[in-house]
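Colleague: Got a structure for you, written out below as structure tokens; questions coming shortly.
Here, each number is a calculation from the coordinates, and none is a lab measurement. Because the structure is predicted, anything quoted here is derived from the model rather than measured. FYI the Cβ positions are ideal-geometry reconstructions off the backbone, even for glycines, and counts take in every protein chain you see.
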Amino acid sequence: MEAAKKKKKIVKSIRIDVDKCNGCRACEVVCSAFHATPKYSSNNPDRSRIRVIREPLKDIYVPVYAGEYSAAECAGRDKYTIDGKEYEECAFCRASCSSRTIFKEPDSGLPVKCDMCESDPPLAEPMCVQWCLNDALVYEEREEEVAEGEEEKEELEIGLESLANKFGVEKMLDAVARMTKKG
Ligand code: SF4
Ligand code: SF4
């Protein structure tokens, strides 16, 4: 079998320094505004792709940004104790999943995922990083080799899976059939 062609991919990430976060939630506000339609027309932290776990009395603030969608609740869960406070099992998880409301569009229930503020023209740095005046969020890039087509396939599958879970496979296929006819 022919070896898959490799291509360079820029992997973007945000390094989080929880010691610098003061829980101001500017990151939540700007993320939701940037992703509003039209852009900046509204802000609602419930739509944000970054959420700050806040424990003001203990001065604990932990930003968590939305990762992969998960169709089912996971079997293994972690417990965290920070400065004597025990956090619920799912508190710091990045997944949008069926057992909680975080990282879901409030209206449609569809999962949201941090897209590193993809836009055209591209931003020098994601919005939450730009707005974090305490430097708790630091943008980083590194290069990795991936098989050609893998990245797009993964994105497409996640999107289709979430739509199928939300509306059911049959409704989704009906909609695709209608769109194809229109085209
Ligand atoms: S903007 Fe920065 S300091 Fe404010 S809550 Fe977000 S990560 Fe923390
Ligand atoms: S990088 Fe952009 S999409 Fe991701 S959490 Fe920050 S503002 Fe939201």
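Colleague: Give, rounded to the nearest 20 debye, the magnitude of the charge dipole that the chain has about its Cα centre when Lys and Arg contribute +1 at Cβ and Asp and Glu contribute -1 at Cβ.
Modeller: The calculation lands at about 520 debye.
Colleague: Can you say what percent of the DSSP beta bridges in the range 42-97, counting only those with both residues inside, are antiparallel? Round to 5.
Modeller: 80
Colleague: Related question: Express in nm, to one decimal, how much length is gained between residue 68 and residue 124 on full extension, taking 0.36 nm for each residue of separation and deducting their alpha carbon distance.
Modeller: Extending this stretch completely gives an extra 17.8 nm.
Colleague: With 5 Å bins from zero, work out the P(r) of the chain over every alpha carbon pair and list the percent per bin.
Modeller: For the chain, the pair-distance distribution reads 1, 7, 13, 16, 18, 17, 13, 8, 4, 2, 1, 0, 0.
Colleague: Another one. Name the residue, out of 82, 53, 102, whose mean-square fluctuation peaks in a Gaussian network model built on the chain with Cα pairs under 10 Å.
Modeller: Among 82, 53, 102, the largest GNM mean-square fluctuation belongs to 82.
Colleague: Work out, step by step, the length gained on full extension between residue 110 and residue 46: first 0.36 nm times the residue separation, then minus their alpha carbon distance; give nm to one decimal. Intermediate results must be reported in sequence, preceding the final value.
Modeller: Details: separation 64, 0.36 × 64 = 23.04 nm, distance 1.24 nm.
Between residue 110 and residue 46, full extension yields 21.8 nm more.
Colleague: Using the structure shown, select from 20/58; 12/166; 113/166; 5/181; 9/113 the pairs with a Cα to Cα distance greater than 23 angstrom. Walk me through the numbers on the way to the answer.
Modeller: On the way: 20/58 14 Å; 12/166 29 Å; 113/166 16 Å; 5/181 35 Å; 9/113 19 Å.
In this structure, 12/166; 5/181 lie more than 23 Å apart at Cα.
Colleague: Give the residue from 106, 127, 159 lying farthest towards the positive end of the charge dipole for the range 84-180; charges sit on Cβ (+1 for Lys and Arg, -1 for Asp and Glu) and the dipole is referred to the Cα centre.
Modeller: 106
Colleague: Here's something else I'd like to know. May I ask you to compute the full-extension gain from residue 171 to residue 60, defined as 0.36 nm times their residue separation minus their alpha-carbon distance, rounded to one decimal in nm?
Modeller: Length gained between residue 171 and residue 60: 35.5 nm.
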